[in-house]
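Here the structure is laid out as structure tokens; the discussion comes afterwards.
The values are calculated or read from the model by the stated rules, or taken from the named source; none is laboratory data. Keep in mind the model is a prediction, meaning the values are calculated, not measured. Glycine gets a Cβ as well: all are built from the backbone with ideal geometry, and neighbour counts include every protein chain shown. These area figures cover heavy atoms from the full protein model, side chains too; ligands, DNA and RNA do not enter into them. Shrake-Rupley method; radii C 1.70, N 1.55, O 1.52, S 1.80 Å.
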Amino acid sequence: MGIETEREPKQQSAKALLALRDLVLAGEIEPGERLSEVALAQRLNVSRTPLRSALQRLEQEGLVAQIPSGGYAVRSFSKQEVVDAIELRGVMEGTAARLAAERGARPTEMRALEEAVRQLDLVMQANAHEIDFERYEMLNGAFHRQLWSLCGSELLSREIERITSLPFASPNAFVNTQADVPAFHRTLIIAQGQHKAIVSAIALREGTRAEAVAREHARLARQNLDFVLEEQPDLRRKVMALALMSS
């Protein structure tokens, strides 16, 4: 009974966090809008204690901000801030790749990274309109998380996790737009080639090369951002958190 009682608040907090994050990222709450705890608690069917915890977590993630009058409001992001977040991820992932190469990675960790690439290859063998994007997202996320941990720096891994908690800076930020746009398939092919090049550079202890490729890899997200905003504005609603981007 005691275990269940302890577990329930954690489940409520997790429920509140996931539900509130979805509302914010989907643009169902306007940027700048004050978040009413009472209304949100009723809407999400949770008590105010886990809701407050969820709001604090979203503040840490950078999706909401405290306001002078008290409480929180949904943040808005300029295009430059989105670009800067993507660039910062590239800088930090590049550093992680370089350190992994220079310090040397354990064989078990390298095998895990190589296996993620091999599984991604299998996904990419499908025709452009038949790619399992859900599986691609899972494997791509796994590849990047393994890369972050490969450098052996908990500090760096934690900072990369923090910046990628902004969904438009995530390695998977633009993956769910690709199913409807054949032109994006070329981006996935380039990305997979870069995955392989990063693994090769780390294995060969080529730190400079590993860093350069990892940074270039992140810039694909910048290219996709420009494509969505300038060429395919209808896709903007499909990219998590671009609803928060100011015009």
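Quick look at the values:
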read-out: Sole exception among (1) assigned to a helix (DSSP H, G or I); (2) in contact (Cβ under 8 Å) with a residue 60 or more places away in the chain for residue 173, by number; value: (1)
read-out: For residue 133: the one exception among (1) of a type in the set (Phe, Trp, Tyr); (2) under 30 Å from residue 36 (Cα atoms); (3) modelled with pLDDT under 90; value: (2)
read-out: Selection count, segment 148-164, where residues are open to solvent by less than 30 Å² (accessible area, probe 1.4 Å), over 22 Å from residue 117 (Cα atoms) and within 18 Å of the chain's Cα centre (by Cα); value: 2
read-out: Where a residue in segment 126-147 is more than 14 Å from residue 185 (Cβ to Cβ) and open to solvent by 80 Å² or more (accessible area, probe 1.4 Å) and its partner, wherever it lies, is modelled with pLDDT of 90 or more and not aromatic (Phe, Trp, Tyr), with Cβ under 6 Å and at least six apart; value: 135/123
read-out: Selected residue (criterion: nearest to residue 149 (Cα to Cα)) from residues of segment 108-125 that are surrounded by fewer than 13 Cβ atoms within 10 Å (Cβ to Cβ) and polar (S, T, N, Q); value: 108
read-out: Residue in segment 205-220 that is modelled with pLDDT under 85 and under 19 Å from residue 141 (Cβ atoms) present; value: no
read-out: Residue 202 vs. criteria within 13 Å of residue 93 (Cβ to Cβ) and more than 21 Å from the chain's Cα centre (by Cα); value: yes
read-out: Filter result for residue 51 (in a helix (DSSP H, G or I), farther than 14 Å from residue 74 by Cβ and touching an Asp or Glu at 6+ places or on another chain (Cβ under 8 Å)); value: yes
read-out: Matching residues in segment 86-107 - criterion: being open to solvent by 10 Å² or more (accessible area, probe 1.4 Å), in a helix (DSSP H, G or I) and either touching a residue at least 40 places away in the same chain (Cβ under 8 Å) or of a type in the set (Ser, Thr, Tyr) (or both); value: 87, 88, 91, 92, 95, 98, 99, 102, 103
read-out: Residue within segment 17-37 that is of a type in the set (Val, Ile, Thr), open to solvent by less than 100 Å² (accessible area, probe 1.4 Å), farther than 15 Å from residue 75 by Cβ and in a helix (DSSP H, G or I) present; value: no
read-out: Residue 70 buried (at least 18 other Cβ atoms within 10 Å of the Cβ) and either in contact (Cβ under 8 Å) with a residue 40 or more places away in the chain or not β-branched (Val, Ile, Thr) (or both); value: no
